[in-house]
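Trainee: Structure provided below as structure tokens; questions to follow.
The values are calculated or read from the model by the stated rules, or taken from the named source; none is laboratory data. Since we're looking at a predicted model, the values are computed, not measured. No Cβ is skipped: glycine too gets one built from the backbone with ideal geometry, and neighbour counts run over all protein chains shown. Side chains included, ligands, DNA and RNA excluded: accessible areas come from the protein's heavy atoms. Shrake-Rupley method; radii C 1.70, N 1.55, O 1.52, S 1.80 Å.
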Amino acid sequence: MPAFFRTLEKIKPVYDWAYKIMLFICKLLLIADIIITSVTVAGRYFPFFTAPHWGEEMVLTLMVYMAVLSATLAIRKRSHIRMTAFDRYLPQKLVICLDLLADLAVLALGVLLLIYGYEVIKPTGNIAKFAKYSSLPKLSQIWMYLPVPVAGVGMIIFELEQVFQHIEEFFVPNKDGKEAQAQ
């Protein structure tokens, strides 16, 4: 079984690459959000500056993108809120099983986000096809719904990594010395 996990370690650079891309996209979205917000606020309070009429809707759209994409980043770093109050009192194998169960539930959520998010944005779909931004009528609101399937893909990618890590912890407990520290 350890040979299987050594083989899986070889694809770790793919996870690192995907994480860096998501992080870079989130940084770009944050910069764009700050710039658009600043220009919109400046346009309201300074008479020589004109606020873009599309500013608020674009800020909200970028915030949706950042929220769902940064959630995928938190999965990779295991920085989501977790109930760990009883972890030190439970057997290590049970804690690993419970973490695995939680990660499988989030993986299922990622699959649902991908499937139903695609249903919303697909070209033949009727849900978001005719929706338009009020301030930018030529821009389809499919762009507002696009982060849902993108976040589903990110969740699937990073949750698969977490699932394999938990399975590895279960079968190869002394990899990082965690078993020795728990006792």
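Trainee: So residue 51 fits all but one of (1) within 30 Å of residue 136 (Cβ to Cβ); (2) in a loop (DSSP other than H, G, I, E, B); (3) open to solvent by 70 Å² or more (accessible area, probe 1.4 Å); what number is the exception?
Mentor: Checking residue 51 against (1) within 30 Å of residue 136 (Cβ to Cβ); (2) in a loop (DSSP other than H, G, I, E, B); (3) open to solvent by 70 Å² or more (accessible area, probe 1.4 Å), the one that fails is (3).
Trainee: When you scan the range 129-180, how many residues do you find that are of a type in the set (S, T, N, Q), part of a loop (DSSP other than H, G, I, E, B) and either open to solvent by less than 50 Å² (accessible area, probe 1.4 Å) or modelled with pLDDT under 70 (or both)?
Mentor: Taking the range 129-180 and keeping what is of a type in the set (S, T, N, Q), we get 134-135, 140-141, 162, 165, 174.
Checking the rest, the ones that are also part of a loop (DSSP other than H, G, I, E, B) come to 134-135, 141, 174.
Then drop every residue that is not either open to solvent by less than 50 Å² (accessible area, probe 1.4 Å) or modelled with pLDDT under 70 (or both), which leaves 135, 141, 174.
Of the residues in the range 129-180, 3 are of a type in the set (S, T, N, Q), part of a loop (DSSP other than H, G, I, E, B) and either open to solvent by less than 50 Å² (accessible area, probe 1.4 Å) or modelled with pLDDT under 70 (or both).
Trainee: Also: On the basis of being among the aliphatic types (A, V, I, L, M) and more than 13 Å from the chain's Cα centre (by Cα), does residue 59 make the cut?
Mentor: yes
Trainee: Consider residue 80 against the criteria (1) crowded, with 18+ Cβ neighbours inside 10 Å; (2) more than 18 Å from residue 170 (Cβ to Cβ): it satisfies all of them except one. Which criterion is unmet?
Mentor: Of the numbered conditions (1) crowded, with 18+ Cβ neighbours inside 10 Å; (2) more than 18 Å from residue 170 (Cβ to Cβ), the odd one out for residue 80 is (1).
Trainee: So which residues in the range 18-63 are modelled with pLDDT under 90, more than 29 Å from residue 77 (Cα to Cα) and hydroxyl-bearing (Ser, Thr, Tyr), if there are any at all?
Mentor: 45, 50
Trainee: Still on this structure, I have one more. If you go through the range 31-48, how many residues are surrounded by 15 or more Cβ atoms within 10 Å (Cβ to Cβ) and among the charged types (D, E, K, R)?
Mentor: Summing the residues that are surrounded by 15 or more Cβ atoms within 10 Å (Cβ to Cβ) and among the charged types (D, E, K, R) in the range 31-48 gives 1.
Trainee: Just need a number here: residues in the range 64-101 that are of a type outside the set (A, V, I, L, M, F, W, C), more than 29 Å from residue 30 (Cα to Cα) and assigned to a loop (DSSP other than H, G, I, E, B).
Mentor: Filtering the range 64-101 for residues of a type outside the set (A, V, I, L, M, F, W, C) gives 65, 70, 72, 76-80, 82, 84, 87-89, 91-93, 99.
Next cut, more than 29 Å from residue 30 (Cα to Cα) only: 84, 87-89, 91-93, 99.
After this cut, where a residue has to be assigned to a loop (DSSP other than H, G, I, E, B) as well, the list is 84, 87-89, 91.
Count: 5.
Trainee: Please work out which one of (1) within 16 Å of the chain's Cα centre (by Cα); (2) more than 18 Å from residue 158 (Cβ to Cβ); (3) open to solvent by less than 80 Å² (accessible area, probe 1.4 Å); (4) not charged (D, E, K, R) is the condition residue 73 fails and give its number.
Mentor: (2)
Trainee: Whether any residue in the range 102-120 is out of contact with any His (no Cβ under 6 Å at 6 or more places or on another chain), at pLDDT below 85 and either surrounded by 12 or more Cβ atoms within 10 Å (Cβ to Cβ) or assigned to a helix (DSSP H, G or I) (or both) is what I want to check.
Mentor: Yes, there is a match, as at least one residue in the range 102-120 is out of contact with any His (no Cβ under 6 Å at 6 or more places or on another chain), at pLDDT below 85 and either surrounded by 12 or more Cβ atoms within 10 Å (Cβ to Cβ) or assigned to a helix (DSSP H, G or I) (or both).
Trainee: Determine, yes or no, whether residue 3 is of a type outside the set (D, E, K, R), in a helix (DSSP H, G or I) and closer than 28 Å to residue 72 by Cβ.
Mentor: The answer is no for residue 3.
Trainee: What tally of residues in the range 6-47 results from selecting those that are of a type outside the set (Lys, Arg) and not in a helix (DSSP H, G or I)?
Mentor: So the answer is 3.
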